[in-house]
1. In the range 67-106, whose amide N lies under 15 Å from the spot 7 Å out along Cα-to-Cβ of residue 173? List them in ranges.
2. Tell me, 1, 201, 179, 64 in order of fewest to most beta-carbon neighbours within 10 Å?
3. I need the shape label for the range 107-214. Rule: rounded when a/c is under 1.5, else prolate if a/b > b/c, else oblate, with a, b, c from the alpha carbon gyration tensor.
4. Using 0.36 nm times the number of residues separating residue 102 and residue 206, minus their current alpha carbon distance, what extension gain do you get?
5. Which of the residue pairs 91/210; 22/91; 80/199; 46/169; 108/199 have a Cα-Cα distance greater than 26 Å in the structure shown?
6. For residue 47 paired with residue 86, estimate the spin-label separation in nm (one decimal), with each label point 7 Å from Cα along the Cα-to-Cβ line.
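All of the numbers you see were taken from the coordinates with simple rules; none came from a lab. Values in this document were obtained by computation on a predicted structure and should not be read as measured data. With ideal geometry, Cβ positions are generated from the backbone for all residues, glycine too; neighbour counts draw on all protein chains shown.
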Amino acid sequence: MADLQGPKIRVGRFEGGRVELKPGARFVLDASCDLGNAERAGLDYKDLPKDVRPGDVLLLNDGMLVLDVEQVAGAEIVTKVRIGGELSNNKGINRQGGGLSAPALTAKDVRDIETAMECGADYVAVSFVRSRTDVEMARRLATIAGEKHGIRPLIIAKIERAEAIPALKEILDAADGIMVARGDLAVEVGNAAVPALQKRMIRMAREANKLAITATQRHPDFPTVPTMTEAGIAGFDNVGAWFGIVAPAGTPAAVVARLNSAIDRSLAKPEVRDRLVGLSMVPVGGPPAAFKAFLEQDQVRWSALIKAADIKVE
């Protein structure tokens, strides 16, 4: 599979390679800046100032840093840092809720399709798809490029933009399959919304007899990040049971709040409750003593099952 990069909207490079953004500080995204510092950063997508307005929320580095837009003046986007942290060269930018005008296919993508066909790729994955038009354009380009190599690749639409959600049916009709790109999608629509959307997309793909791929990412340690990753929410939710989720001392309050929100949404769904009942599991929470008691009870239950089944445990 050839995975096209798509329109990566990123900050530029910094003096020293990285800076530290402090909560409450003023930070400027400047399309005319060549080399950034702790007060401003350049942009590789020069039209970003045209796509945002005061009140918008920008998320950097997969949502690890959060900026509130206060003013847009020419090539400059003046923001206030809500959630700070380290920002290094060429990290991605998303607008919460989506709405950026960058096209799904770039000039680089067109060249990369040619290269992919030369390499004999069976699939072409199109990033940041917004509509069936993006898929149809990619298919035409891939078909033309593949003809001289005797290849007719299948097209996978990566669902990672908020605008793609209301257009899911038409995108599925035009594509051979979809990829649930949970990381970028979660940044745009919110972490807690992703589990239900993921299930919906996979169900729609299966009903249409199309391929469904779910992308994921490693979950970082709770105490080291200011927010919850999509893997930490969608991954847990799609197991069908919230079991053994422990937030150690030092976990940021924002992580706990997002996790609680996602748990509540998940447990409110009848299919999740039914699966928990089917697994003879009951959601628990609270202080460590309560969780320890639950684990001890569950250990007794499993020990009895293993003994009854005459299973040798080494």
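1. none
2. Final ranking by Cβ density, sparse to dense: 1, 64, 201, 179.
3. prolate
4. Result for the pair: 34.4 nm of gain on full extension.
5. Over 26 Å Cα-Cα: 91/210; 80/199; 46/169; 108/199.
6. For residue 47 paired with residue 86, the spin-label model returns 3.4 nm.
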